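The values are calculated or read from the model by the stated rules, or taken from the named source; none is laboratory data. Just so it is clear, the structure is predicted and the values come from calculations on it, not from any experiment. With ideal geometry, Cβ positions are generated from the backbone for all residues, glycine too; neighbour counts draw on all protein chains shown.
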Amino acid sequence: MQGDHRLVNVELEEKVYNIMGKEEIKKSMPRLKEKYQKEVIPALIQEFSYKNPVQAPQVKKIVINAGIGEAVQNVKLLDGVVEELKQISGQQPIITKAKKSIATFKLREGMPVGCKVTLRGDRMYEFLDRLISIALPRIRDFRGINGNSFDGKGNYTLGLKEQILFPEIKYESVTFMHGFDITIITSANTDKEGKTLLKFMGMPFRN
C-alpha cells in the first residue's frame with residue numbers, strides 16, 4: 001500500500017500535517033493513529049477519489065459494552081466485569097441500568113445490568129490496535145471476522161465471547177467468563193467506505 005501511494009503521500013503530507021495539528025503530529029502517537037495519517041488517508045483518497053483529505057472517513061469513537069444478565073441475581077459479578085473492562089480499555093466504565101421492568105426475568109427498571117466505556121483519541125487507537133493485533137488472532141480457529149455487520153451508516157459492531165482474549169486479563173484470575181460487544185463508530189457515509197477504512201487499518205475481514 002505504502003509504495004503505491006508514495007506520490008500521494010508526498011502531496012498530502014503538508015495538508016494532513018495542518019489538519020491533524022502541528023503539536024499532535026510532533027508528539028509521540030499510537031502506532032495505528034500514525035498508520036492512519038501516513039498510509040490510510042492516501043489509500044482512501046485513491047480508492048474513492050476524494051478531492052480533499054478531510055473527506056476521508058476516520059474512526060470517531062469505540063463503544064465497548066458488557067451486558068451481564070447474571071447481575072440481576074448476583075450484583076457482585078458486575079464489580080469484577082467493571083474492573084476487567086477498566087483493565088482492557090484503560091478507562092473507568094459506567095454502569096448501565098435496565099430501562100424497563102421485565103417480571104419474567106425478575107428485572108426492575110433501574111437495576112444494574114452491565115457496563116460500558118466509550119473510547120476516543122489515543123486510547124481508542126491503542127485499543128483498536130490491541131484488538132486487531134492481539135485479541136482477534138487469539139480466537140480459536142480464527143479465520144477472520146464477519147464483514148457484513150455494518151449498520152448502513154458505516155459503523156461496525158463485533159461481538160467477542162471471552163474477556164481472556166485480551167492480554168490484560170489473566171486466565172487464573174477470572175471467576176466469571178463473559179463477552180463484549182464492540183461498536184466502532186466512523187465518520188463514513190456508507191458501509192463500503194466504513195469497511196474500506198477498517199480494512200486499510202488492518203481489520204481482518206473474511207468476506
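Before moving on, here are some points about what is shown:
- Test: residue in segment 166-188 that is assigned to a helix (DSSP H, G or I) and either among the β-branched types (Val, Ile, Thr) or at pLDDT 95 or above (or both): no
- Within segment 120-162, the residues that satisfy the criterion of being free of Cβ contacts under 8 Å to residues at least 24 places away in the same chain and within 18 Å of residue 84 (Cα to Cα) are 159, 161, 162.
- Positions within segment 14-62 being modelled with pLDDT under 95 and among the hydroxyl-bearing types (Ser, Thr, Tyr), in sequence order: 17, 28
- Number of positions in segment 131-157 that are surrounded by fewer than 17 Cβ atoms within 10 Å (Cβ to Cβ) and either under 16 Å from the mean Cα position of the chain (by Cα) or within 22 Å of residue 189 (Cα to Cα) (or both): 12
- One residue stands out among those in segment 175-187 that are out of contact with any strand residue (DSSP E or B) (no Cβ under 9 Å at 6 or more places or on another chain) and more than 20 Å from residue 142 (Cβ to Cβ): the one that is surrounded by the fewest Cβ atoms within 10 Å (Cβ to Cβ), which is 175.
- Residue pairs meeting the criteria (Cβ under 8 Å; at least 6 apart or on separate chains; first touching a residue at least 12 places away in the same chain (Cβ under 8 Å), in segment 183-207; second assigned to a helix (DSSP H, G or I) and β-branched (Val, Ile, Thr)): 197/40; 200/40; 201/40; 201/132; 202/132; 203/132; 204/132
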